[in-house]
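Some notes on the structure that comes next.
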């Protein structure tokens, strides 16, 4: 068993508010929160996310199809928060 | 002094093993420098080498957070090629491929460039249309490309049973004969050794924490080994670009994603070329055999941002499925190792090489999953940008401003997404 497996780093679980804790393979990553400031082009292209708190949209494609807002620590791989409330419109970069 | 390597040298050193010496001296950072390069990977080391060699800047430091060869330069599948569709990419990667051909002699270090051919396989007539288009575009730019039909593939890769019944039959392929592989560690070591011989300080285990400014100008960097003075600061940190940008307060058009690579146990020679195969349902696989005998292969990104260097096992399964579909006899092999590297995925799939604003701050990053083959061209052009302050023609398409002006360089035509596959 490699170091990564011992640390438990390989298996990523996401707690879907509807289906419960499921393997991340059931979920499809959709988008990262873009830079919320600036012009339309800047909102489209730029990223200013904190690597320790990356806010993303995922969809439970292998389950209930729900779109979820995940807050993840990219450096550890930990899922910090899962919410079925999409508080931000990632396409527009605006808060609801 | 640096000793010249030769067959005689090897023989003499083999007779007296104690005579082997470190390839470059370990020196502590000692400013002030003309240029501080952050990141001791392939691109950073190559940049330092060309700065010293071609532009006469000798007061150059390369600061590496870990050890030389620990990052993506030692984590890739070692493929080099210039089989791109867009003319801007063709020019750049062709410049790089030509440099690979002469680099071993130039560095006096055996980088083991092996032009064994890179063959993109087609599994449907639509694939052949796309490959024919790309091949014709390459030939218009003076780059070698050969479109092979099924019999042509069978002749070039006799090991591949093209007649076997498959769910997705092999119908042809696009071959670039000058493409192939290069020994990745040797590239890092060769550039580091050559740069150090020209007076470059290569400082390992030195993490840059931020920029140092005096009177509104760049004065160097703050590191975990204290302040290091330098007139110009050049960032070449590949997979760490996003986290370093966050630390420096920069917003860049990129995200960090993981790409995994695998190697099997060593076996006798079975594959003397590089095969790239898109297997519907399991994704892509690209495979070559190393000189040690292991099959080195990789596939697609893990599919979501991550900086863990620990990949998802589901992706390993996918890429193994694609490999065994392509070469069924590999299903008996055991996987020796698999590992993940961090990829700085830009919004158009092309790199960023630019001066950032009016300050003496330079960025080389956004290499996505294609940075290794670009090292010689990237290092040479980045060095010219840093030394002269003007963007060389070769890398003008890679300026950061392209995103905001609409001149994106989107090889796949995939739209404004990082890692869209």
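Structure notes:
- Complete set of residues in the range B:395-421 that are away from chain A (no Cβ under 12 Å), in a loop (DSSP other than H, G, I, E, B) and touching a strand residue (DSSP E or B) at 6+ places or on another chain (Cβ under 6 Å): B:399
- Subset of the range A:29-43 (residues that are over 30 Å from residue A:12 (Cβ atoms) and either modelled with pLDDT under 85 or in contact with a strand residue (DSSP E or B) (Cβ under 8 Å, 6 or more places away or on another chain) (or both)): A:37, A:38
- Among the residues of the range B:386-401, the ones that are buried (at least 22 other Cβ atoms within 10 Å of the Cβ) and without any contact (Cβ under 8 Å) to a residue 40 or more places away in the chain come to 0 in all.
- Selection count, the range A:56-80, where residues are at the interface with chain B (Cβ under 8 Å from one of its Cβ atoms) and touching a residue at least 60 places away in the same chain (Cβ under 8 Å): 1
- The criterion of at least 2 residues that are more than 25 Å from the chain's Cα centre (by Cα) and more than 20 Å from residue B:330 (Cα to Cα) is met by the following strands (runs of 3 or more DSSP E) wholly inside the range B:109-182: B:146-149.
- Boolean, residue B:337 is within 13 Å of chain A (Cβ to nearest Cβ), assigned to a strand (DSSP E or B) and surrounded by fewer than 19 Cβ atoms within 10 Å (Cβ to Cβ): yes
- Single match in A:53, A:11 (criterion: loosely packed, with under 14 Cβ neighbours inside 10 Å, more than 7 Å from chain B (Cβ to nearest Cβ) and modelled with pLDDT of 85 or more): A:53
- Identity of the residue in the range B:4-26, surrounded by 13 or more Cβ atoms within 10 Å (Cβ to Cβ) and in a loop (DSSP other than H, G, I, E, B), that ends up farthest from the chain's Cα centre (by Cα): B:5
- Top-ranked residue in the range B:271-287 [being modelled with pLDDT of 95 or more and not in a strand (DSSP E or B); ranked as nearest to the other protein chains (Cβ to nearest Cβ)]: B:271
- Every residue from the range B:222-245 that is buried (at least 24 other Cβ atoms within 10 Å of the Cβ), outside any helix (DSSP H, G or I) and more than 14 Å from chain A (Cβ to nearest Cβ): B:228, B:230, B:233, B:234, B:235, B:236
- The residues of the range B:250-260 that are facing chain A (nearest Cβ under 8 Å) and either surrounded by 24 or more Cβ atoms within 10 Å (Cβ to Cβ) or under 20 Å from the mean Cα position of the chain (by Cα) (or both), listed by number, are B:252, B:253, B:254, B:255, B:256.
- Every condition in (1) over 16 Å from residue B:315 (Cβ atoms); (2) at pLDDT 95 or above; (3) surrounded by fewer than 22 Cβ atoms within 10 Å (Cβ to Cβ) is met by residue B:263 except one, and the failing one is (1).
- The range B:304-327: number of residues that are more than 10 Å from chain A (Cβ to nearest Cβ) and assigned to a loop (DSSP other than H, G, I, E, B): 1
- Among the candidates B:116, B:81, the residue that is closer than 23 Å to residue B:291 by Cα, crowded, with 22+ Cβ neighbours inside 10 Å and in contact with a strand residue (DSSP E or B) (Cβ under 8 Å, 6 or more places away or on another chain) is uniquely B:81.
- Any chance residue B:70 is out of contact with any strand residue (DSSP E or B) (no Cβ under 8 Å at 6 or more places or on another chain) and surrounded by 23 or more Cβ atoms within 10 Å (Cβ to Cβ): no
The values are calculated or read from the model by the stated rules, or taken from the named source; none is laboratory data. On a predicted model such as this, the values are computed, not experimentally measured, just so you know. Note: ideal-geometry Cβ built from the backbone for every residue, glycine included; neighbour counts use all protein chains shown.
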